[in-house]
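Accompanying notes for the structure given below.
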Protein chains: 2
Amino acid sequence: MDERVREHAAVLVDWSARVEAGDNVVLSVGPDAHELAVAVAEQLGERGANLLATYSSGEIQRAYLRAHDGDFDEDPAHELALAEHADVFLSLGGGRNTSATADVPGEIRQAYRKAQEGVREARYDTRWVSTVHPTRSLAQQANMAYEEYRDFAYDAILRDWEALAEEMARMKTILDEGSEVRLVSPGTNLTMSIEGRTAVNSAASVEYDSHNLPSGEVFTAPNGTDGEVTFDVPMTIQGESVRDVRLEFDDGEVVASEAAEGEAVIGDVLETDDGARRLGELGIGMNRGIDRYTDSILFDEKMGDTVHLALGRAYDACLPEGETGNESAVHVDLITDVSEESRLEVDGEVVQRNGRFRWEDGFDA
Amino acid sequence: MDERVREHAAVLVDWSARVEAGDNVVLSVGPDAHELAVAVAEQLGERGANLLATYSSGEIQRAYLRAHDGDFDEDPAHELALAEHADVFLSLGGGRNTSATADVPGEIRQAYRKAQEGVREARYDTRWVSTVHPTRSLAQQANMAYEEYRDFAYDAILRDWEALAEEMARMKTILDEGSEVRLVSPGTNLTMSIEGRTAVNSAASVEYDSHNLPSGEVFTAPNGTDGEVTFDVPMTIQGESVRDVRLEFDDGEVVASEAAEGEAVIGDVLETDDGARRLGELGIGMNRGIDRYTDSILFDEKMGDTVHLALGRAYDACLPEGETGNESAVHVDLITDVSEESRLEVDGEVVQRNGRFRWEDGFDA
């Protein structure tokens, strides 16, 4: 086993999920994430945690969903009970084909997601962390050789998370104290309110309300979004290629949408429910260990020089006690490159220009 | 996909587990049983059942158990809750190495099994069925080519189960009405009481209290076993090769044991708990679609011309209402060939001689 697989497992279990003896852990394993699962199992055994492994396969999902009539039972008792009795939920992504579910009809997919809302909420109440094992299919999606992709992935995952958390704390302070964010970039001129919202210093650990490994972003929950935005970072969403999505917002809601590719997928997303037409997240990528787009949301949205917005569900961590954020069965991230002709302003003050943060060398005030 | 994979899935879901709309199904998937899992998922979707897939990997199990100090939490709440809320539990065996857990210390293995007793009991309360996908590792264990092994496995699995159930009903009647069984064979002269016990017509369906696919055996729960028995069918138990186990019973309990190979494994089994030294099962193989030993308990114990006995846990289905059978954390089957110089008597009357049942052509009364 590549020593980096063991290091990845140790970061996941210790830094990210803070697993302790007696924790009831659900380990969700993708078909090609087997090797990482073995390394994680070893870590869990060492810590005296209790392990139950589930199997997360796009091909199984596809077969099940396509055969179903779409009238799904809400939150099946066995799935709900498992999630409700788990302390930790670790998702090890890694399939054999990132388009494995591409031919599942959108309405079936949506109906299933809606029916699983309670299960998902219960999972979000655990110390959950999503990561991926660098697989051949992810390498292919990134247009990279397998070995090259592994180097890329471990560069992003095996970082000095404590140091990055310190840098990101600066951005969190700016957002926590700010009221209005403006994002300007080619095809983008958007304002949104972040008044009273709390930013998350997403340092890849549940201790920071951060649930992705790798992470390296600061995000908050905006509202009252107005203006237009173009997402120029290419992505695959629900197994389909999506390019240059353009959304127009009025008083917080999407009023027009188009895309150079994948317009139907975006349409499906927007029609899921009311909340799917509003933003649940504004995120600022700060992981400079990620140096290129690889068509994987887990990596792309964390990259330095990018800003992302998510349609749908807001994370509770961004909301003041007792306040409800945007509710939706979906949370779909879309990314825009801010490395050129771009600026991010908080209350009229430029925080990032052409990719440089104001505390970095080369920032042009 | 080989059409037989789909047929296997249909037999499992319809004939074996009797899955209906709304059933909460746990699908336990071995790493190389993926293809069968896809076919089963399709069947479950068609029927409107609720699917949760778990991942059953010997390598993950090994990594976890070897790293653990052996002081396992009893029946972790998340595992127990999942089992308790399931209606159906389908186990699709199929790993990459049948010896994957061979170097897990026996005492760790036993401690884990003991700690999982409640989870196991909850699973036995569902409509549970165990089957295997014919994999390369199973072919290797059977000393067969992969294609040859697939033919073998599907011959055993895709049978006319209703017709076999009718034949097996004869044996069930004999055992239900009988009081004492005597088994005589080279190295074997054993008597046991079956008074008041109910035999199971194991026709590969929960409707018959039968939980294996393939099946094709009639079994009951003996007690008061006396005499000696030699198990001459070669097997792999807990990843280790076991040959010619010889047990001596006195008043129901093993008082001496030896083996040409794997004596330590048998010793570990016997030391699990008190119940591990007593028999939980007497089974008579009646599936003539299985024409050779393949070192897989699921197939070998069902083969015509064999009788098997299990150390450990008795199945409730064999016991009169309110009576408790042999209790143990283990259930380990051992098989003896009865094709030559052998006879099975019930209350002094020969039921099977040299492999022929008394209703078959060639039976020599």
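The values are calculated or read from the model by the stated rules, or taken from the named source; none is laboratory data. None of these values were measured; they are calculated from a predicted model. Neighbour counts run over all protein chains shown; Cβ positions are idealised from the backbone, glycine included.
Values computed for the structure shown
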{"read-out": "Some residue of region A:50-57 being assigned to a helix (DSSP H, G or I), buried (at least 23 other Cβ atoms within 10 Å of the Cβ) and at the interface with chain B (Cβ under 7 Å from one of its Cβ atoms)", "value": "no"}
{"read-out": "Residues located in region A:207-238, provided they are part of a strand (DSSP E or B) and hydrophobic (A, V, I, L, M, F, W, C)", "value": "A:LEU213, A:VAL218, A:PHE219, A:VAL229, A:PHE231, A:MET235, A:ILE237"}
{"read-out": "Which listed residue, of A:GLY304, A:GLY312, A:GLY283, is buried (at least 21 other Cβ atoms within 10 Å of the Cβ), small (Gly, Ala, Ser) and in contact with an Asp or Glu (Cβ under 8 Å, 6 or more places away or on another chain)", "value": "A:GLY283"}
{"read-out": "Any hit, region B:1-22, residues being closer than 30 Å to B:VAL265 by Cα, touching a residue at least 12 places away in the same chain (Cβ under 8 Å), outside the structural domain of B:TYR208 (by TED's automatic domain parsing) and touching a Gly at 6+ places or on another chain (Cβ under 7 Å)", "value": "no"}
{"read-out": "From B:LEU190, B:LEU298, B:LEU247, residue being hydrophobic (A, V, I, L, M, F, W, C) and surrounded by fewer than 23 Cβ atoms within 10 Å (Cβ to Cβ)", "value": "B:LEU298"}
{"read-out": "Which numbered condition A:ALA100 misses (of (1) buried (at least 20 other Cβ atoms within 10 Å of the Cβ); (2) within 12 Å of chain B (Cβ to nearest Cβ))", "value": "(1)"}
{"read-out": "Among the residues listed as B:GLU42, B:GLU46, the single one being at the interface with chain A (Cβ under 10 Å from one of its Cβ atoms), surrounded by fewer than 19 Cβ atoms within 10 Å (Cβ to Cβ) and part of a helix (DSSP H, G or I)", "value": "B:GLU46"}
{"read-out": "Test for A:ASP73: is it within 20 Å of A:PHE299 (Cβ to Cβ), within 11 Å of another protein chain (Cβ to nearest Cβ) and among the acidic types (Asp, Glu)", "value": "no"}
{"read-out": "So B:ASP295, is it in contact with an Asp or Glu (Cβ under 9 Å, 6 or more places away or on another chain) and not assigned by TED's automatic domain parsing to the domain that holds B:HIS133", "value": "no"}
{"read-out": "B:ALA204, sole failed condition from (1) farther than 23 Å from B:ARG358 by Cβ; (2) in a strand (DSSP E or B)", "value": "(2)"}
{"read-out": "Residue within region A:2-21 that is within 27 Å of A:ALA100 (Cβ to Cβ), more than 7 Å from chain B (Cβ to nearest Cβ), of a type in the set (Ser, Thr, Tyr) and part of a helix (DSSP H, G or I) present", "value": "yes"}
{"read-out": "Members of region A:63-95 that are of a type in the set (Asp, Glu) and either surrounded by fewer than 24 Cβ atoms within 10 Å (Cβ to Cβ) or touching a residue at least 60 places away in the same chain (Cβ under 8 Å) (or both)", "value": "A:ASP69, A:ASP71, A:ASP73, A:GLU74, A:ASP75, A:GLU84, A:ASP87"}
{"read-out": "Lone unmet requirement of (1) touching a Phe, Trp or Tyr at 6+ places or on another chain (Cβ under 8 Å); (2) facing another protein chain (nearest Cβ under 7 Å) for A:VAL88", "value": "(2)"}
{"read-out": "Residue check for B:ARG62: more than 7 Å from chain A (Cβ to nearest Cβ), over 26 Å from B:ALA156 (Cα atoms), part of a helix (DSSP H, G or I) and of a type in the set (Lys, Arg)", "value": "yes"}
{"read-out": "Within region B:22-39, tally of residues that are assigned to a loop (DSSP other than H, G, I, E, B) and facing chain A (nearest Cβ under 7 Å)", "value": "2"}
{"read-out": "Which listed residue, of A:TYR124, A:TYR149, A:TYR112, is hydroxyl-bearing (Ser, Thr, Tyr) and under 18 Å from the mean Cα position of the chain (by Cα)", "value": "A:TYR124"}
{"read-out": "Residue in region A:301-318 that is among the polar types (S, T, N, Q), at pLDDT below 95 and out of contact with any Cys (no Cβ under 9 Å at 6 or more places or on another chain) present", "value": "no"}
{"read-out": "Flag if A:GLU79 is within 8 Å of chain B (Cβ to nearest Cβ), modelled with pLDDT of 95 or more, part of a helix (DSSP H, G or I) and over 20 Å from A:LEU138 (Cβ atoms)", "value": "yes"}
{"read-out": "Any chance A:GLU117 is more than 9 Å from chain B (Cβ to nearest Cβ) and among the acidic types (Asp, Glu)", "value": "yes"}
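Each row is one residue, and each column tells you yes or no for (1) among the β-branched types (Val, Ile, Thr); (2) over 17 Å from the mean Cα position of the chain (by Cα); (3) surrounded by 19 or more Cβ atoms within 10 Å (Cβ to Cβ).
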| site | (1), (2), (3) |
| --- | --- |
| A:ALA163 | no, yes, no |
| A:ILE174 | yes, yes, yes |
| A:GLY178 | no, yes, yes |
| A:ALA199 | no, no, yes |
| A:ALA203 | no, no, yes |
| A:SER215 | no, no, yes |
| A:PHE219 | no, no, yes |
| A:VAL229 | yes, yes, yes |
| A:MET235 | no, no, yes |
